[in-house]
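The values are calculated or read from the model by the stated rules, or taken from the named source; none is laboratory data. Because the structure is predicted, anything quoted here is derived from the model rather than measured. Backbone-built Cβ (ideal geometry, glycine too); neighbour counts: all protein chains shown.
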Amino acid sequence: MRIKALAYIALLSYSSVGNLWAHGIAGNRYFPATSTFDDPAVADEFSFNTFKSSSPTSVNSQVDSTLAVSGARLLTTNWALGFDYAKDSVTQSGLAQAYTKKDDIYIKTLFYRDDLNETLLSLSLGYGHAHTDLPYYGVSSKNSVMPALTFGKGMGNLDDGLSWLRPFALVGAIAADIPVQRSPSFDGTAIGNFDFVNNQAQNFNSVHWGFAIEYSTLFLTDRFHHGYLPKDEPLHQFVPLVEFAFDSSPSYKTEGTMNPGLTYVEQTWQWSGELIVPLHQGAYKVTGFRAQLMFFLDDLIPTFFEKPLLVN
């Protein structure tokens, strides 16, 4: 049985077109992207993302919201070039307090894959620009280098004694944000606010890290056969998950959230939504949500995305 499975993996490895496993798949496992981190694979994809949180107090309320788009194009079966663009806004009592635009480009590689053990490892390197408009203070900007490691490990290969654990998977990532310059550049700063600029506006290294526990409903159906690789992609399923996301930096205490959510994946698209539950509650309660709609371009528009750019 093991020899048969290894021969099947070899057949996939020598395929000139990566469409068979174009999504975040290893064996019987599909790893959906969470609202905070990308999945541990490379693929032709395009997504819309939204985020909103509110912080009500007895005096006023603060609302943070984000709209974002992102996309990636396969260069080879294991390399992809991608981009992200996001616009963040902060309002208090209905009045705008700050706007931030973020855009970055990155290159990502899937450097380890084990279908039998449902394991994926990927590395990426990005370069980003952030542009923030602070009313009464001016406009600041910074450029950053952003290396990241993403992983996924499923439990579908466990023996019969632990069969109840097979639907579970652990995914996670660690991503650094390293500013190119220590102080951001400011334009249009009011004369009376130089002290704010000099004392408060500093760029610090930060690390975004976290993990998610995912549960694949595919393992509850007759589509799953223990010890065998699937004949078709393990799509058309619900994946409940709980994500834990953290931000660490020398300039502030580590902040984290627990984000329970649900993903549904089809052949050409994926929808996911997550609630936001802060792990470090401040003086007031914070509530929010994230949602994502992703399209798999190789299946949605196969004429243009039937093979990677650098594959003949």
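Just a few scattered comments:
- Residue in segment 216-225 that is modelled with the highest pLDDT, counting only those that are assigned to a loop (DSSP other than H, G, I, E, B) and hydroxyl-bearing (Ser, Thr, Tyr): Ser216
- Leading residue by the ranking (nearest to Arg166 (Cα to Cα)) among those in segment 226-274 that are more than 20 Å from the chain's Cα centre (by Cα) and part of a strand (DSSP E or B): Lys253
- One residue from Ala41, Ala68 being part of a loop (DSSP other than H, G, I, E, B), at pLDDT below 95, in contact with a Phe, Trp or Tyr (Cβ under 8 Å, 6 or more places away or on another chain) and not polar (S, T, N, Q): Ala41
- Residue match in segment 50-64 (condition: modelled with pLDDT of 95 or more, in a strand (DSSP E or B) and under 20 Å from the mean Cα position of the chain (by Cα)): no
- Tabulated pairs, segment 74-96, first surrounded by 15 or more Cβ atoms within 10 Å (Cβ to Cβ) and modelled with pLDDT of 85 or more, second hydroxyl-bearing (Ser, Thr, Tyr) and assigned to a strand (DSSP E or B), C-beta under 6 angstrom, 6+ apart or interchain: Asn78/Thr109; Trp79/Thr109; Gly82/Tyr106; Asp84/Ser70; Ala86/Thr66; Asp88/Thr66; Asp88/Thr100
- In segment 294-312, the residue that is surrounded by the most Cβ atoms within 10 Å (Cβ to Cβ) out of those that are among the charged types (D, E, K, R) and within 11 Å of Gln267 (Cβ to Cβ) is Asp298.
- Residue count, segment 213-236 (criterion: more than 18 Å from Tyr264 (Cβ to Cβ), of a type outside the set (A, V, I, L, M) and in contact (Cβ under 8 Å) with a residue 40 or more places away in the chain): 4
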